[in-house]
Amino acid sequence: MIGVKAGPRRGSTIARAGLGWLGLAILATVWQLLGMELHTAVFPTFITSLVAAWHVVTSSTLTTDIIPSLERTAAGFLISAIIGITAGMVIGHYETVRDWTSAVVDFMRSLPTPLLVPIAIVVFGINGRMVVVTIISAAVWPILINTANGTSTIEPTMIDTAKTYGLRGRKLFLKVVLPAASPQIFAGLRVALSVSLAVMVVAEMLGGGSGIGYFIANAQQSFNIDGSYGGVIVLGCLGWIFDTLFLMFERRLLAWQRGTVGGLLDV
Amino acid sequence: MSDSVLSIRNLQVSIQSRDGSMNEITRDVSLELKEHEFVSIVGPSGSGKTTLLRAASGLRPPSGGEVIFDQKPINDVPKGLAIVFQEYNKSLFPWLTIGKNVAMGAAEYSNQERAERVEKALIQVGLSGFATRYPWELSGGMQQRAALARAMVSNPRLLMMDEPFASVDALTRNHLEDVVQRLWDSSTFAALMVTHDVGEAVYLSDRVLVLSARPSTVLAEIKIDLARPRSQIETRRTGRFGELVAEVLERVEEAGRASVGIEDTIQK
């Protein structure tokens, strides 16, 4: 046979995206059937919940709760990224700093977030700033640890090369350490993104004063059961949007890495 | 000696091992490298050749002795000194194209002059047209040529090479040796190369220094009086080439025998 082409190892992008939607459709169907079968107020059907979700995003809740939640998550995540990447690179690059800080880092990151919320409420009050601080207190660790790890495992030859070309201090970090550690940094950022969303909800439920977490808790307490399910759907969609945007961004920035991982390194 | 580019005087390097004890890698190495001279350092495996080169280039501080480059003692990698490492795949930055990698060596020039120098350096190593490729799109030999171009782009006075051809196959190695020879012939830089390949050292050098086993000293110095320019086939066919290789090899073997049992206890 002439012109035999190797088929793609994993199905085409369209087929794979299609499978994702099919999975969602199955979940929705099961939910719908279960809701119809149980026929109880505490477990509304999928369609009832979807309608409630639609009400959430089309009512004033959008501006009073959803947008503040998005802002807090974005702020908490971005501040975590700046702190985590900077501190992570310094900790990873200097062995002495690593020795000094490892116990502190291990202590801090082991503290469960719900434990910190009451303290944050005392310090900052019931507001958005408390939510942002709580997000940072949880999301900074996966970024910091992955960055430190990625930095400490950079090939010494690479650092030597950078020094040969006069890169020192800030330039060394920005031009060599940051890109060299970026695959691990992105892995940490992705974990931190889902942590940010989860902590945002918990903090808002416990004392946000507003926000989607506050809305869900409030709807539940005022027997607006459909509303809380609607809120959950909205939250799930937000998580999905965040992750999709993140992956698009990562794919652009780490395009160089696909070739090196593809086994072409030692031709 | 005013015409020497590099003077290494009684260089001593000890490295602290994990358990805190000091390991003497280099005991006493001295060397004068004259303008446009090509000197190779060979030694048995584990004789601390890479450590010596790192100390001589200012990448690590020596424990004793001093290194004078261009009349000035160095405590950091000085301007005018370029280094090519063995592991091109760890030395080229994988997130930068070949052109941008090479441009790293010419950061101090204006944009226009930098572009011109990069273009010229890539032509010199036979990589013109590859500026927009990424390192992983190139073969090993091509990547090492890119690393050479990066070293050459700033017109260094001294080029240091650490086992520059150890990671490629034999034919590519011959080819790369000739690329280096051509660069050296057509330029004015002095070269200091560390290698375990005796044939390669003889083929390229004016002088070959043989290091003893660790803690290393200079065991012998062999002058290479082969005519230049040299050619892989004609030069290697001559009886003199064979004699010189045998002579160097004999000294390396001597050094190696003395070190059986302690070599390779620490990574090179």
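The values are calculated or read from the model by the stated rules, or taken from the named source; none is laboratory data. For clarity, every value in this text was computed on a predicted model and none was experimentally measured. Backbone-built Cβ (ideal geometry, glycine too); neighbour counts: all protein chains shown.
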Within the range B:89-121, residues within 13 Å of chain A (Cβ to nearest Cβ), within 29 Å of A:ARG252 (Cβ to Cβ) and either outside any helix (DSSP H, G or I) or β-branched (Val, Ile, Thr) (or both) come out as B:LEU92, B:PHE93, B:PRO94, B:TRP95, B:LEU96, B:THR97, B:ILE98, B:VAL102, B:ALA107
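So is B:ILE25 more than 10 Å from chain A (Cβ to nearest Cβ), outside any helix (DSSP H, G or I) and modelled with pLDDT of 95 or more or not? Reasoning before the result, please.
Numbers: more than 10 Å from chain A (Cβ to nearest Cβ): yes; outside any helix (DSSP H, G or I): yes; modelled with pLDDT of 95 or more: no.
When the stated conditions are applied, B:ILE25 does not pass them.
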| Is it the case that the range A:61-78 has a residue that's exposed (fewer than 13 other Cβ atoms within 10 Å of the Cβ) and not in a helix (DSSP H, G or I)? | no
The strands (runs of 3 or more DSSP E) lying entirely within the range B:162-268 that contain at least 1 residues which are within 25 Å of B:HIS36 (Cβ to Cβ), at pLDDT 90 or above and of a type in the set (S, T, N, Q) are B:190-195
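Of all residues in the range B:48-74, count the ones that are of a type in the set (D, E, K, R) and within 14 Å of chain A (Cβ to nearest Cβ).
Here is the first cut: in the range B:48-74, the residues of a type in the set (D, E, K, R) are B:49, B:54, B:60, B:66, B:70, B:72.
Okay, now just the ones that are also within 14 Å of chain A (Cβ to nearest Cβ), so B:54, B:60.
The qualifying residues number 2.
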Of the residues in the range B:122-153, those that are more than 9 Å from chain A (Cβ to nearest Cβ), over 30 Å from B:GLY46 (Cα atoms) and either within 21 Å of the chain's Cα centre (by Cα) or buried (at least 18 other Cβ atoms within 10 Å of the Cβ) (or both) come to B:LEU122, B:GLN124, B:VAL125, B:GLY126, B:LEU127, B:PHE130, B:ALA131, B:VAL153
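Select from the range B:213-261 the residues that are hydroxyl-bearing (Ser, Thr, Tyr) and more than 22 Å from B:LEU53 (Cβ to Cβ) and list them in ascending order. Show your work before the answer.
Initially, the range B:213-261 is screened for residues hydroxyl-bearing (Ser, Thr, Tyr), giving B:216-217, B:231, B:235, B:238, B:259.
Those that are hydroxyl-bearing (Ser, Thr, Tyr) and more than 22 Å from B:LEU53 (Cβ to Cβ): B:SER231, B:THR235, B:THR238.
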Out of (1) within 26 Å of A:ALA17 (Cβ to Cβ); (2) away from chain B (no Cβ under 14 Å); (3) aromatic (Phe, Trp, Tyr); (4) out of contact with any Ser or Thr (no Cβ under 9 Å at 6 or more places or on another chain), the one A:PHE242 does not meet is (4)
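What helices (runs of 4 or more DSSP H) completely inside the range A:165-258 contain at least 1 residues that are in the same structural domain as A:PRO68 (by TED's automatic domain parsing), of a type in the set (Gly, Ala, Ser) and under 20 Å from the mean Cα position of the chain (by Cα)?
Helices (runs of 4 or more DSSP H) meeting the threshold: A:178-207, A:212-221, A:225-253.
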Checked pairs for the range B:127-139, first within 22 Å of B:LEU171 (Cβ to Cβ), second exposed (fewer than 14 other Cβ atoms within 10 Å of the Cβ), C-beta under 6 Å and 6 or more apart or across chains, list as B:SER139/A:VAL267
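For the range B:162-210, enumerate the residues that are among the polar types (S, T, N, Q) and under 20 Å from B:THR235 (Cα atoms). Working first, answer last.
Step one: filter the range B:162-210 for residues among the polar types (S, T, N, Q), giving B:167, B:172, B:174, B:181, B:186-188, B:195, B:205.
B:THR172, B:ASN174, B:GLN181, B:SER186, B:THR195, B:SER205 - these are the residues of the range B:162-210 that are among the polar types (S, T, N, Q) and under 20 Å from B:THR235 (Cα atoms).
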Exactly one of A:GLY3, A:GLY11, A:GLY7 is modelled with pLDDT under 90, over 19 Å from A:GLY227 (Cβ atoms) and surrounded by 11 or more Cβ atoms within 10 Å (Cβ to Cβ), and that residue is A:GLY11
